1. Filtering the range 59-98 down to residues that are part of a strand (DSSP E or B) and among the small types (Gly, Ala, Ser), which residue is surrounded by the most Cβ atoms within 10 Å (Cβ to Cβ)?
2. Report yes if residue 94 is modelled with pLDDT of 90 or more and either over 30 Å from residue 172 (Cα atoms) or in contact with a Lys or Arg (Cβ under 6 Å, 6 or more places away or on another chain) (or both), otherwise no.
3. Could you grab me the full set of residues in the range 120-145 that are of a type in the set (A, V, I, L, M) and assigned to a helix (DSSP H, G or I)?
4. Evaluate the following for residue 117: is it part of a strand (DSSP E or B), assigned by TED's automatic domain parsing to the domain that holds residue 183 and not acidic (Asp, Glu)?
5. Residues in the range 95-153 that are over 18 Å from the mean Cα position of the chain (by Cα), aliphatic (A, V, I, L, M) and more than 17 Å from residue 184 (Cα to Cα): how many?
6. Give the number of residues within the range 171-202 that are assigned to a loop (DSSP other than H, G, I, E, B) and either without any contact (Cβ under 8 Å) to a residue 24 or more places away in the chain or exposed (fewer than 14 other Cβ atoms within 10 Å of the Cβ) (or both).
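The values are calculated or read from the model by the stated rules, or taken from the named source; none is laboratory data. The model shown is predicted, which means the values in this text are computed figures rather than measured ones. Cβ sites come from the backbone with ideal geometry, for glycine too, and all protein chains shown count toward neighbours.
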Amino acid sequence: MEKTFKPLSGYLMLFVLLVGPIAIAFGILIKNPIPVIIGALAFLLMVGGFNIVSPNGSAVLTLFGAYKGTIRDNGFFWVNPFFKRQKISLRARNLDTPLIKVNDSIGNPIKIGAVVVWKVKETYKAAFDVDDYQNFVNIQSEGAIRKLAGAYPYDDLEDEHNGKANHLTLRSGGVEIDERLEEALTRRLEIAGIEVIEARIS
């Protein structure tokens with residue numbers, strides 16, 4: 001599960017960073033290499049801990065493979081320099097799938113695509129529960145479109161199997177068809193921590 005990590009202020013740590021050069025200067029002044037070495041090591045380690053998180057961005061932190069938390073606040077921060085940081089955007093994104101050739105529920109060949117608006121909701125799932133969450137969205141969207149197209153006829157035709165007219169079709173189903181696509185995508189993408197904001201066939 002995702003947990004929020006509260007980092008130290010980067011501006012505060014900039015002042016602390018001055019200790020390194022001061023120790024180096026002091027060591028040179030008294031001609032003692034120990035303060036110089038300690039100051040240089042401390043400076044190099046601290047420099048590696050600064051991190052910037054943009055608005056609607058996040059940073060997933062791990063330490064030697066262990067998940068430590070996610071920074072969701074935007075700003076200038078300092079974290080343990082040994083943390084591995086994976087930046088994940090929390091902005092809404094558009095996916096305009098290419099048209100794919102499928103058969104509708106009564107076997108008619110059609111071309112269908114979809115427009116999906118989505119964003120990362122849980123960074124832990126996006127980072128660790130799938131290999132590549134963006135590619136996962138692309139593949140699962142195509143799978144949901146194929147399944148939807150195979151469940152309904154393109155037009156309001158007589159069903160060969162029951163002799164009754166299909167009132168819900170891909171062509172005229174409108175909002176209801178889009179809602180079913182959105183529901184299917186929500187179920188498929190939940191494993192990756194993705195929120196589906198809107199989905200509609202094109």
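1. Residues of the range 59-98 that are part of a strand (DSSP E or B), as a first pass: 59-63, 66-71, 75-78, 84-89, 93-96.
Okay, now just the ones that are also among the small types (Gly, Ala, Ser), so 59, 66, 69, 75, 89.
On the way: 59: 24, 66: 7, 69: 19, 75: 14, 89: 15.
Ranking the qualifying residues of the range 59-98, first place goes to 59.
2. On the way: modelled with pLDDT of 90 or more: yes; either over 30 Å from residue 172 (Cα atoms) or in contact with a Lys or Arg (Cβ under 6 Å, 6 or more places away or on another chain) (or both): no.
In short, no.
3. The initial filter retains those residues of the range 120-145 that are of a type in the set (A, V, I, L, M), namely 120, 126-127, 130, 137, 139, 144-145.
The answer is 126, 127, 137, 139, 144, 145.
4. Numbers: part of a strand (DSSP E or B): yes; assigned by TED's automatic domain parsing to the domain that holds residue 183: yes; not acidic (Asp, Glu): yes.
It is true that residue 117 is part of a strand (DSSP E or B), assigned by TED's automatic domain parsing to the domain that holds residue 183 and not acidic (Asp, Glu).
5. 5
6. First, the residues of the range 171-202 that are assigned to a loop (DSSP other than H, G, I, E, B): 171-173, 193, 202.
Okay, now just the ones that are also either without any contact (Cβ under 8 Å) to a residue 24 or more places away in the chain or exposed (fewer than 14 other Cβ atoms within 10 Å of the Cβ) (or both), so 171-173, 202.
Matching residues across the range 171-202 total 4.
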